[in-house]
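Only one structure is covered here, and it is reproduced in the block below.
The values are calculated or read from the model by the stated rules, or taken from the named source; none is laboratory data. Note that this is a predicted model, so its numbers are computed, not measured. Here the Cβ positions follow ideal geometry from the backbone for every residue, glycine too, while neighbour counts run over all protein chains shown.
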Amino acid sequence: MSHFTMLSLPTFSDERGSLTVLEAALPFQVVRTYWIYGADDQTRGGHRHSHTRQALVALNGKVSIYMNDGITEETVELSNPGQCLLVEPKDWHTMTFGAGAVLLVMSSHTYDRSEYIDTPYERGVND
């Protein structure tokens, strides 16, 4: 079981394929949506936020998300589009992309570089 919040999104499957629903699943209003792709074997991120919350879904492939909230460190694997990882403002995170991975990111705020915190937590020291 993960220390970090993983949502299981409602998914409906039959012989025609699968449909996953995000409606009313997130604990915040989505203001900004983007996706990252073409990042095979690359690591991105390496920050936390002062107020932005995010929800991450691997639409295709596998993305390994390293999470650190200043107390707990964990790597969460996203490889099922029915799974959604919540990233809270305090969560330092990096994202490592597998071959062909596409990561959907939904944010609670618009982009504001000034609210990014680029300093990771020190081992054994809470922020």
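For every residue, the table says whether it meets (1) modelled with pLDDT under 95; (2) closer than 17 Å to Leu86 by Cβ; (3) of a type in the set (A, V, I, L, M, F, W, C); (4) assigned to a strand (DSSP E or B).
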| residue | (1), (2), (3), (4) |
| --- | --- |
| Met1 | yes, yes, yes, no |
| Ser13 | no, no, no, yes |
| Leu26 | no, yes, yes, no |
| Gly45 | no, yes, no, yes |
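Contact annotation: residue pairs with Cβ atoms under 9 Å, 6 or more positions apart or on different chains, pairing a residue in the stretch 43-56 that is under 14 Å from Ser108 (Cα atoms) and among the hydroxyl-bearing types (Ser, Thr, Tyr) with a partner that is modelled with pLDDT of 95 or more and part of a strand (DSSP E or B), are Ser50/Tyr116; Ser50/Ile117; Thr52/Arg32; Thr52/Val87; Thr52/Ser107; Thr52/Tyr116. Only one of the numbered conditions (1) surrounded by 13 or more Cβ atoms within 10 Å (Cβ to Cβ); (2) under 26 Å from Arg113 (Cβ atoms) is violated by Leu22, and that is (2). Report, by residue number, each residue of the stretch 40-60 that is of a type in the set (A, V, I, L, M) and buried (at least 17 other Cβ atoms within 10 Å of the Cβ). Hits for the stretch 40-60 are Ala55, Leu56, Val57, Ala58. Scan the stretch 76-96 residue by residue and report those that are assigned to a strand (DSSP E or B), in contact (Cβ under 8 Å) with a residue 24 or more places away in the chain and either of a type in the set (Val, Ile, Thr) or farther than 14 Å from Leu9 by Cβ (or both). Listed by number, the residues that qualify are Val76, Val87, Trp92, His93, Thr94, Met95, Thr96. From the residues in the stretch 100-127 that are among the hydroxyl-bearing types (Ser, Thr, Tyr) and over 30 Å from Ser13 (Cα atoms), which one is surrounded by the most Cβ atoms within 10 Å (Cβ to Cβ)? By that ranking, first place goes to Tyr121. A count restricted to the stretch 61-99 and to residues that are surrounded by fewer than 21 Cβ atoms within 10 Å (Cβ to Cβ), of a type outside the set (Val, Ile, Thr) and in contact with a Gly (Cβ under 6 Å, 6 or more places away or on another chain) stands at 3.
Restricting Thr33, Thr52 to those that are at pLDDT 95 or above, not charged (D, E, K, R) and not in a loop (DSSP other than H, G, I, E, B) reduces the list to Thr33.
For beta carbons closer than 9 Å, sequence separation of 6+ or different chains, a first residue in the stretch 103-117 that is touching a residue at least 40 places away in the same chain (Cβ under 8 Å) and a second that is aromatic (Phe, Trp, Tyr) and surrounded by 13 or more Cβ atoms within 10 Å (Cβ to Cβ), the qualifying pairs are Leu103/Tyr37; Leu103/Phe97; Met106/Phe28; Ser107/Phe28; Ser108/Phe28; Ile117/Trp92.
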